[in-house]
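Engineer: Structure in structure tokens, see below.
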Amino acid sequence: MWRIGHDSSKSDNISALCPQKARKSTRIHHICREDRNNMSTAGKVIKCKAAVLWELKKPFSIEEVEVAPPKASEVRIKMVATGICRSDDHVVNGSIFVPLPVILGHEGAGIVESIGEGVTTVKPGDKVIPLFTPQCGKCAVCKHPEANFCMKNDLFNPRGTVQDGTTRFTCRGKPIHHFITTSTFSEYTVVDEISVVKIDAAAPLEKVCLIGCGFSTGYGSAVKVAKVKPGSTCAVFGLGGVGLSTIIGCKAAGAARIIGVDINKDKFAKAKELGATECISPQDFKKPIHEVLKEMTGGGVDFSFEVIGRLDTMAEALSCCHEAYGTSVIVGVPPGSENLSVHPMLLLTGRTWKGAIFGGFKSKDSIPKLVADFLTNKFPLDPLITHVLPFEKVNEGFDLLRSGKSIRTVLKF
Ligand code: CND
Ligand code: ZN
Ligand code: ZN
């Protein structure tokens, strides 16, 4: 589950980060800001539709919600499209803890409707992607050249709010929580400026929404976290939207052999289309799959990735990489409060074991570049999108994921 630590910096007032906030708002400044905002809705509460999760293990309820205007350092976004990721489902089934009731969704793209005081990096009309891992630019993590898990995140000890500790959503008179600073299952959402980034105006939002989570998480796990080397051998456990994106990354990095591992053989054809050189199902073998993989590769793979979110497959993925030089990356989100026990010898002989949120990418820095790379055909997104549904059919989209029939369903508003 996401809730494993405590971030004491969360109570900091984010508006302190914004130099413009310190400037007293003059009448002229006010007029300028209003001018740039959408005049018909700016500063007003917007009533719109959202998918509210009132209780665990229950369907989403499409409700009319009130979305308050953005306060200082906040941005209100009109959502255009959102993907459905397995992490949203982990919340529904209780594996990831977040406060309820909640508006889920973290893989979206939209257009800025209005901005709060002091916001400088986006303006109304901009195409944007909300960031489920913010980039405040000020914390120790943001200042670290490699790290990306900004301390202003709402994944550890989730409060389900924007940075000032309150929510901008209400429904039937009750406050509704935000989800990991995004809440894309709503026609309008409010996020902090540190949790949104402007992208190219030419970007098709119904596709690049996947760059908000699934694609970047998988791709970055290969190219940035594992740093897959040309000519290497990789094993990818789990061939959903994130795992297939890991395969795209392994291929882009020049891997010579990419072995897909999944119990659902219907996933094999697409995995091969995207770069897997072979695919295997653990159910076809009597011995543990790490032994099979070690035999197939003469001692173990160079890089392995767990992109399912199960403890047993995390252990298998670690064991299948070479004992002297293999690297294994955890990408899947593990269930609740369970621990994984492994023998230290597995690491002592030379393996590296790591994990990352959002493919190790610093979100604000990387997303505009990834969108630009998509626009110049450096990688595909279309093969990942198997279904497109109107937003109101969100429950149907989750059924497709749970039954293994979809890779990504994109909901359009
Ligand atoms: P999705 O459910 O689409 O894919 C998982 C795949 O795993 C499916 O194809 C399953 O058939 C397969 N699978 C299930 N059980 C087994 C098993 N025992 N052995 C082999 N294969 C199996 O999920 P997704 O691709 O959307 O997400 C994958 C994981 O990544 C999931 O745990 C999600 O929560 C996590 C994730 C992580 C991050 C991050 O920042 N690290 C961001 N988003 C999602
Ligand atoms: Zn996700
Ligand atoms: Zn930060």
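Engineer: Determine which single condition residue 138 fails, assuming it passes every other condition in (1) surrounded by fewer than 24 Cβ atoms within 10 Å (Cβ to Cβ); (2) more than 16 Å from ligand 3 (Cβ to nearest atom); (3) more than 18 Å from the chain's Cα centre (by Cα); (4) charged (D, E, K, R).
Structural biologist: Result: residue 138 fails condition (2) only.
Engineer: Which residues, counting only those in region 168-185, are part of a loop (DSSP other than H, G, I, E, B) and buried (at least 22 other Cβ atoms within 10 Å of the Cβ)?
Structural biologist: 168, 178, 179, 180, 181, 182, 183, 184, 185, listed by residue number.
Engineer: Out of (1) of a type outside the set (D, E, K, R); (2) at pLDDT 95 or above; (3) in contact with a Gly (Cβ under 7 Å, 6 or more places away or on another chain); (4) within 16 Å of ligand 1 (Cβ to nearest atom), the odd one out for residue 156 is which?
Structural biologist: Against the list (1) of a type outside the set (D, E, K, R); (2) at pLDDT 95 or above; (3) in contact with a Gly (Cβ under 7 Å, 6 or more places away or on another chain); (4) within 16 Å of ligand 1 (Cβ to nearest atom), residue 156 comes up short only on (2).
Engineer: Would region 231-244 turn up any residue that is more than 16 Å from ligand 3 (Cβ to nearest atom), of a type in the set (A, V, I, L, M, F, W, C) and farther than 26 Å from residue 282 by Cβ? Spell out the reasoning first.
Structural biologist: Taking region 231-244 and keeping what is more than 16 Å from ligand 3 (Cβ to nearest atom), we get 231-244.
After this cut, where a residue has to be of a type in the set (A, V, I, L, M, F, W, C) as well, the list is 234-237, 239, 242, 244.
Those still in the list that are farther than 26 Å from residue 282 by Cβ too: none.
Checked region 231-244: no residue is more than 16 Å from ligand 3 (Cβ to nearest atom), of a type in the set (A, V, I, L, M, F, W, C) and farther than 26 Å from residue 282 by Cβ.
Engineer: Right, here's the next one. Quickly run through region 87-120 and pick out the residues that are surrounded by fewer than 24 Cβ atoms within 10 Å (Cβ to Cβ), under 19 Å from residue 388 (Cβ atoms) and within 14 Å of ligand 2 (Cβ to nearest atom).
Structural biologist: Scanning region 87-120 gives a single hit, 89.
Engineer: Turning to a different aspect of this structure: Looking at region 202-248, which of its residues are over 16 Å from the mean Cα position of the chain (by Cα) and either within 12 Å of ligand 2 (Cβ to nearest atom) or part of a helix (DSSP H, G or I) (or both)?
Structural biologist: Scanning region 202-248 gives 223, 226, 247, 248.
Engineer: Still on this structure: When you go through (1) within 16 Å of the chain's Cα centre (by Cα); (2) under 21 Å from residue 253 (Cβ atoms) one by one for residue 352, which number turns out not to apply?
Structural biologist: Result: residue 352 fails condition (1) only.
Engineer: Can you tell me which residue is surrounded by the fewest Cβ atoms within 10 Å (Cβ to Cβ) among those in region 121-135 that are within 16 Å of ligand 1 (Cβ to nearest atom), part of a loop (DSSP other than H, G, I, E, B) and among the hydrophobic types (A, V, I, L, M, F, W, C)?
Structural biologist: In this case the residue turns out to be 131.
Engineer: I would also like to ask the following. Among the residues in region 379-387, are any in a helix (DSSP H, G or I), within 13 Å of ligand 1 (Cβ to nearest atom) and in contact with a Ser or Thr (Cβ under 9 Å, 6 or more places away or on another chain)?
Structural biologist: The answer is yes; a qualifying residue exists.
Engineer: To continue, here is another question. Restricting to region 252-277, what's the tally of residues that are in contact with a Phe, Trp or Tyr (Cβ under 9 Å, 6 or more places away or on another chain) and outside any loop (DSSP other than H, G, I, E, B)?
Structural biologist: Selection size over region 252-277: 3.
The values are calculated or read from the model by the stated rules, or taken from the named source; none is laboratory data. Nothing here was measured: the structure is a model prediction, and the numbers come from that model. As a convention, Cβ positions derive from the backbone with ideal geometry for all residues, glycine included, and neighbour counts pool all protein chains shown.
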